[in-house]
Amino acid sequence: MVEVNKKHIFVNIVLAAALIAGIFSFGGCRNDTGILPGVEVREYQGEDLSSINDFRENSIKGPQHVDIASYRLKITGLAENLTSYSYDEVLDEFTNYKKVVELNCVEGWSVKLLWEGVNLKEMLEKAGPKPEARVVIFHAYDGYTTSFPIEYIVNNNILMAYKMNDVTLPPERGYPFELVAESKWGYKWIKWITEIELSDNINYKGYWEERGYSNSGDLGAGFFAPR
């Protein structure tokens, strides 16, 4: 009988050890939830969409990898409320919008995607542009810049996207934020946005604009600046 009791005790010890190991290995009663990658949608409200992979890589320094833990989106220049936001603060403080918009590249290809992000009009309203602010200059992590008249941002519900086709922007597509510059050529769709500057410099020229591309970037016109 003594031997049998020892066996029972040994079995109980093994089971208890297995239970404890299971708790530490698989989380037991922990409340956190695992997050799986999003699944790309290819149709929205009856409209077929391109794939997030239907792009050519043509950024000036290749895909950028932003450290989101230290990332800040700065609002600078001619604004009453100069501030900066973490990635999560942007998502939490501003309303989320979705819109299907086609991107057209000067190289001759285009993609139509479901973009999800914040309305830059709301962000500018919170910043409080000064009366002399005429232009919005966007700065990117890789040094790229481009600009728009402030009226374009305010009057067209322009999105700063953090998702495409229901998937968080991959690094090569502009994570954490890409500008959805609808009705503009693709070189105006700045990726990896780090700073939004309000300026009175109506003659400001961004990276490609300095190299002869149109400052307006309107799709209805040629993309080269008139000579």
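The values are calculated or read from the model by the stated rules, or taken from the named source; none is laboratory data. Note that the structure is predicted; figures quoted are calculated from it, not measured. FYI the Cβ positions are ideal-geometry reconstructions off the backbone, even for glycines, and counts take in every protein chain you see. Just the protein is used for accessible areas: all its heavy atoms, side chains included, with ligands, DNA and RNA removed. Shrake-Rupley method; radii C 1.70, N 1.55, O 1.52, S 1.80 Å.
Among the residues here, N58 qualifies as modelled with pLDDT under 95 and either open to solvent by less than 20 Å² (accessible area, probe 1.4 Å) or not small (G, A, S) (or both). Answer yes or no as to whether E125 is over 27 Å from L49 (Cα atoms) and touching a residue at least 12 places away in the same chain (Cβ under 8 Å). No: the conditions fail for E125. Within the stretch 208-226, the residues that satisfy the criterion of being assigned to a loop (DSSP other than H, G, I, E, B), of a type outside the set (S, T, Y) and surrounded by 13 or more Cβ atoms within 10 Å (Cβ to Cβ) are W208, N215, G217, L219, F223, A225.
Yes or no: the stretch 23-30 includes at least one residue that is open to solvent by 100 Å² or more (accessible area, probe 1.4 Å), at pLDDT below 90 and in a loop (DSSP other than H, G, I, E, B). Break it down stepwise before answering.
Step one: of the stretch 23-30, the residues open to solvent by 100 Å² or more (accessible area, probe 1.4 Å) are 24, 26, 29-30.
Then drop every residue that is not at pLDDT below 90, which leaves 24, 26, 29-30.
Checking the rest, the ones that are also in a loop (DSSP other than H, G, I, E, B) come to 29-30.
For the stretch 23-30, residues open to solvent by 100 Å² or more (accessible area, probe 1.4 Å), at pLDDT below 90 and in a loop (DSSP other than H, G, I, E, B): present.
Within the stretch 90-115, the residues that satisfy the criterion of being open to solvent by 20 Å² or more (accessible area, probe 1.4 Å) and part of a strand (DSSP E or B) are N96, Y97, K98, K99, V100, E102, N104, S110, K112.
Tell me yes or no: at least one residue of the stretch 168-184 is modelled with pLDDT of 95 or more, open to solvent by 40 Å² or more (accessible area, probe 1.4 Å), of a type in the set (G, A, S) and closer than 21 Å to L103 by Cα. Yes, the stretch 168-184 contains at least one residue that is modelled with pLDDT of 95 or more, open to solvent by 40 Å² or more (accessible area, probe 1.4 Å), of a type in the set (G, A, S) and closer than 21 Å to L103 by Cα.
For the stretch 123-145, the candidate set comprises residues that are out of contact with any helix residue (DSSP H, G or I) (no Cβ under 9 Å at 6 or more places or on another chain) and among the charged types (D, E, K, R); within that set, the residue that is nearest to D200 (Cα to Cα) is E132. Screening K163, K205 for residues that are open to solvent by 40 Å² or more (accessible area, probe 1.4 Å) and closer than 20 Å to E102 by Cβ leaves exactly one candidate, K163. V90 meets all of the listed conditions (1) hydrophobic (A, V, I, L, M, F, W, C); (2) under 23 Å from E197 (Cα atoms); (3) modelled with pLDDT under 95 but one, namely (3).
Scanning the stretch 116-125 for residues that are assigned to a helix (DSSP H, G or I) and of a type in the set (D, E, K, R), which turns out farthest from E57 (Cα to Cα)? Explain how you work it out, then say what you get.
Step one: of the stretch 116-125, the residues assigned to a helix (DSSP H, G or I) are 120-125.
Subset that is of a type in the set (D, E, K, R): 121-122, 125.
Details: K121: 29, E122: 31, E125: 34 Å.
Among them, the one singled out is E125.
Just so you know, in the stretch 185-202 the residues that are open to solvent by less than 60 Å² (accessible area, probe 1.4 Å) and among the aliphatic types (A, V, I, L, M) include one that is farthest from E102 (Cα to Cα), and it is L198.
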